[in-house]
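The values are calculated or read from the model by the stated rules, or taken from the named source; none is laboratory data. Remember, predicted model here, so these are calculated numbers, not experimental data. Methodologically, a virtual Cβ is constructed for each residue, glycine included, from the backbone with ideal geometry; neighbour enumeration extends over all protein chains shown. Please note that ligands, DNA and RNA were not included when accessible areas were found on the heavy atoms of the full protein model with its side chains. Shrake-Rupley method; radii C 1.70, N 1.55, O 1.52, S 1.80 Å.
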Amino acid sequence: QYSGYVTMRQAVARSLNVPAVRLLSNIGVYSGKSFASRLGIVFDEKDTSLSLALGGFTYGVSPKMLCGAYAAFAAGGVYKTPACVRKITDSEGTVLYERVGASERVMSEDTAFIMTSMLTSCITTGTGRRLNTGIPLAGKTGTTGLAETNGNKDAWMVAYNSALVATVWMGFD
């Protein structure tokens, strides 16, 4: 269903496809891939079409990659390669292992703020509104249809605030 003219905030909140594809078309696939690459998203050389705006990757993305990308928005535009273990201590609090990783500014604080503001709309009024439980969150949902069942093949949710980022994926790998 075509929704007519909408703001980007409405498009993100309602997970509308046409505005996402149109935006990628306007900025160019190369520009979009360049920005996403700075956020840790990996592309195959065959990933050159506007379907990237809807997650149409040759090999897809992992929940870990998405956590890292959205963590950059939560961190005010600073990207740090995601890791599953940040620190290990013994029973007395002595640090046995601590992750050391470089961080890099990948977007301005203003851009991160605006993106977070738009992604908050997904939680407050959009497709992620079931997470609107009083905890301030921003996030994005995504689905892939499965024609044979009239249902979804994949369902994604990334939600974050300044302290935590979580990615959930359900589907068929």
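Here are some notes:
- Given a 1.4 Å probe and the protein chains as shown, Leu23 ends up with an accessible area of around 80 Å².
- Pairs of Lys residues in the chain are counted when their Cα atoms are under 27 angstrom apart and they lie 8 or more places apart or on different chains; the count is 15.
- Applying a length cut-off of 15 Å (Cα extent along the axis) and a mean Kyte-Doolittle floor of -1.0 to the DSSP H helices of the chain leaves 17-27, 63-74, 109-124.
- When the square roots of the Cα gyration tensor eigenvalues are ordered a ≥ b ≥ c, the ratio a/c for the chain is 1.5 or more and a/b exceeds b/c, which makes its shape prolate.
- Sequence-distant contacts, meaning Cα pairs under 8 Å at least 6 residues apart, place the relative contact order of segment 84-173 at 15 percent.
- Contact order relative to length of the chain, as percent, for alpha carbon pairs under 8 angstrom and 6 or more apart: 21 percent
- Within the chain, longest stretch free of exposed chymotrypsin sites (Phe, Trp or Tyr not before Pro) [DSSP loop, at most 13 other beta carbons within 10 Å]: 60-171
- Accessible surface of the chain, 1.4 Å probe, proportion on carbon and sulfur as whole %: 56 percent
- Loop-resident sites, segment 23-53, for trypsin sites (Lys or Arg not before Pro), counting at most 14 other Cβ within 10 Å (DSSP): Lys46
- Our helix-only sum for the chain, with -39,500 (n - 2.57) per DSSP H run of n ≥ 4 divided by its residues, gives a mean residue ellipticity at 222 nm of -10000 deg cm²/dmol.
- Relative contact order (percent, whole number), segment 59-114, Cα cutoff 8 Å, 6+ residue spacing: 37 percent
- Per residue, the solvent-accessible area of the chain (1.4 Å probe, heavy atoms of protein chains only, all protein chains present) comes to 66 Å².
- Accessible area of Glu148 in the full protein assembly, 1.4 Å probe (Å², nearest 10): 150 Å²
- Shape call, segment 122-172: gyration tensor on alpha carbons, a/c limit 1.5: prolate
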